[in-house]
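Visitor: Have a look at this one before I ask anything.
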Amino acid sequence: MEDTLVKRAQKGDPDSFVRLMELNKYSMQRVAYGFFHEEEDVADVIQDTVLKAYEHIREVRKTEYFKSWLLRILINNCRKLYNSQKKIQPQELMGNEEGKRDVYPSDNDFFRMLSILPSDSRVIFQLFYGEQFTTKEISGLLQMNESTVRSKLYRGKEQLRCNWERDV
């Protein structure tokens, strides 16, 4: 179904493009929350991603990779905003939980758990566990070695395990 929507959107059908964005909305939000704690930042990077995807949708060569292509745009936008904020003020790893709206009530524990990880590990965990991407796909999306992705997953799991054992 998504392949058909991509082909229609590439031919200029705005309804198909809107439907594609609706189908991928939660994935984009989950990945963006891997970078940011503030709802405004998440909304900004998603808005930029949707605009860039709309402008460049004809460049998608294989329709089955549309989601990866879209998330790659999102990750690039997240990195840009994150780096620009880092120059202005230090990014807090834990964030301000009071300002964060519960977008995914069932994901609250997952996001709370991930908040103790560095931002690059949060994104990898979200892509691996939240979006079910393989380590090879993640390495392509994040432009890093697959072994680096696996080691960040391993170290992150160890960090979470130690934190959990300490809290129990």
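Visitor: Residue check: is residue 116 touching a helix residue (DSSP H, G or I) at 6+ places or on another chain (Cβ under 8 Å), within 29 Å of residue 25 (Cβ to Cβ), open to solvent by less than 80 Å² (accessible area, probe 1.4 Å) and without any contact (Cβ under 8 Å) to a residue 40 or more places away in the chain?
Guide: Numbers: touching a helix residue (DSSP H, G or I) at 6+ places or on another chain (Cβ under 8 Å): yes; within 29 Å of residue 25 (Cβ to Cβ): yes; open to solvent by less than 80 Å² (accessible area, probe 1.4 Å): yes; without any contact (Cβ under 8 Å) to a residue 40 or more places away in the chain: no.
Taking the combined requirement at face value, the residue does not satisfy it.
Visitor: State which residue is farthest from residue 79 (Cα to Cα) when the search covers only segment 25-66 and only residues that are open to solvent by less than 10 Å² (accessible area, probe 1.4 Å) and β-branched (Val, Ile, Thr).
Guide: Of everything passing the filter in segment 25-66, 57 is farthest from residue 79 (Cα to Cα).
Visitor: For segment 125-136, how many residues are of a type in the set (D, E, K, R) and either at pLDDT below 90 or not in a helix (DSSP H, G or I) (or both)? Before the answer, list the steps.
Guide: Applying the first criterion (of a type in the set (D, E, K, R)) to segment 125-136 yields 131, 136.
Narrowing further to those that are either at pLDDT below 90 or not in a helix (DSSP H, G or I) (or both): 131.
Counting residues in segment 125-136 that are of a type in the set (D, E, K, R) and either at pLDDT below 90 or not in a helix (DSSP H, G or I) (or both) gives 1.
Residue-wise test of (1) of a type in the set (S, T, N, Q); (2) open to solvent by less than 30 Å² (accessible area, probe 1.4 Å); (3) under 12 Å from the mean Cα position of the chain (by Cα).
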{"site": "129", "(1), (2), (3)": "no, no, yes"}
{"site": "137", "(1), (2), (3)": "no, no, no"}
{"site": "145", "(1), (2), (3)": "yes, no, no"}
{"site": "157", "(1), (2), (3)": "no, no, no"}
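Visitor: Out of all the residues in segment 5-15, which are surrounded by fewer than 19 Cβ atoms within 10 Å (Cβ to Cβ) and among the small types (Gly, Ala, Ser)? Working first, answer last.
Guide: Residues of segment 5-15 surrounded by fewer than 19 Cβ atoms within 10 Å (Cβ to Cβ): 7-8, 10-15.
Matches in segment 5-15: 12 only.
Visitor: Which residues, counting only those in segment 2-46, are more than 20 Å from residue 142 (Cα to Cα) and of a type in the set (S, T, N, Q)?
Guide: 4, 10, 16
Visitor: Now for a different question. Can you pull out every residue in segment 137-147 that is free of Cβ contacts under 8 Å to residues at least 60 places away in the same chain, under 18 Å from residue 76 (Cβ atoms) and either in contact with a Ser or Thr (Cβ under 8 Å, 6 or more places away or on another chain) or part of a loop (DSSP other than H, G, I, E, B) (or both)? Break it down stepwise before answering.
Guide: Just the residues of segment 137-147 that are free of Cβ contacts under 8 Å to residues at least 60 places away in the same chain, to begin with: 138-139, 143-147.
Right, trim to under 18 Å from residue 76 (Cβ atoms) and you get 138-139, 143-144.
Residues satisfying the conditions are 139, 143, 144.
The values are calculated or read from the model by the stated rules, or taken from the named source; none is laboratory data. What you are looking at is a predicted structure, and each value in this text was computed from that prediction instead of being measured. Note that we place each Cβ from the backbone using ideal geometry, even for glycine, and neighbour counts take in every protein chain shown. Ligands, DNA and RNA are excluded from the accessible area calculation, which covers all protein heavy atoms including side chains. Shrake-Rupley method; radii C 1.70, N 1.55, O 1.52, S 1.80 Å.
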